[in-house]
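**Q** Got a structure here, written out as structure tokens. Questions coming.
The values are calculated or read from the model by the stated rules, or taken from the named source; none is laboratory data. The shown structure was predicted, so the numbers you read here are calculated from the model rather than taken from an experiment. We place every Cβ from the backbone using ideal geometry, glycine too, and count neighbours over all the protein chains shown. Please note that ligands, DNA and RNA were not included when accessible areas were found on the heavy atoms of the full protein model with its side chains. Shrake-Rupley method; radii C 1.70, N 1.55, O 1.52, S 1.80 Å.
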Amino acid sequence: MFNDIGPLELVTIIVLAVLVFGPDKLPKVIQDVTRTIRKIREFSESAKHDIRQELGPEFKDFEFEDLNPKTYLRKQLDNDDLGLKEIRNGFDLKKEMAEVTDAVNGHDSGSSITSSSSSPSSVSSGGRIDMTKKPEVAGADERPVFDADAT
């Protein structure tokens, strides 16, 4: 019930209660508060029981916590009838990332790597792709690439 109250806040509330009500009346106030909380809980449990009884036997599995959207969705997604667990388990992200990393690094993971450009500078020995950026040195006879549309 008081999950978000820290120890310092609890001590502050106790000190304030002693100052406001005094040490003489504090036990009576605590008894009145606990009695009121107990009555509220009994009233809510009786109301839940009455609602379940009025809904009938087809709603015997109805839980009032399901009215919270997060709880309802979590319960529906964990349902085995939909087969979502198999789909969720079918996606092994670590395995997929390892395969992509192997493909980028040039390791053969059961499939052959094909290169769209077969220039000697991009493929090193052993069929591996050289991923380091090296400036291509143009030969004396080669002209730089000219794009007529860019000028």
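**Q** Would you check if Phe43 is touching a Lys or Arg at 6+ places or on another chain (Cβ under 8 Å), among the aromatic types (Phe, Trp, Tyr) and either in a loop (DSSP other than H, G, I, E, B) or open to solvent by 60 Å² or more (accessible area, probe 1.4 Å) (or both)?
**A** In short, no.
**Q** Another one. If you go through the stretch 66-86 one residue at a time, how many are at pLDDT 70 or above and surrounded by fewer than 10 Cβ atoms within 10 Å (Cβ to Cβ)?
**A** Count: 3.
**Q** Now a separate question. Quick check on Lys28: is it closer than 21 Å to Asp66 by Cβ, assigned to a helix (DSSP H, G or I), touching a Phe, Trp or Tyr at 6+ places or on another chain (Cβ under 9 Å) and not hydroxyl-bearing (Ser, Thr, Tyr)?
**A** Against the criterion (closer than 21 Å to Asp66 by Cβ, assigned to a helix (DSSP H, G or I), touching a Phe, Trp or Tyr at 6+ places or on another chain (Cβ under 9 Å) and not hydroxyl-bearing (Ser, Thr, Tyr)), Lys28 does not qualify.
**Q** Further, regarding this structure: Could you list, in sequence order, the residues of the stretch 1-18 that are assigned to a helix (DSSP H, G or I) and surrounded by fewer than 10 Cβ atoms within 10 Å (Cβ to Cβ)?
**A** Once the filter is applied, which keeps residues that are assigned to a helix (DSSP H, G or I) and surrounded by fewer than 10 Cβ atoms within 10 Å (Cβ to Cβ), the stretch 1-18 yields Pro7, Leu8.
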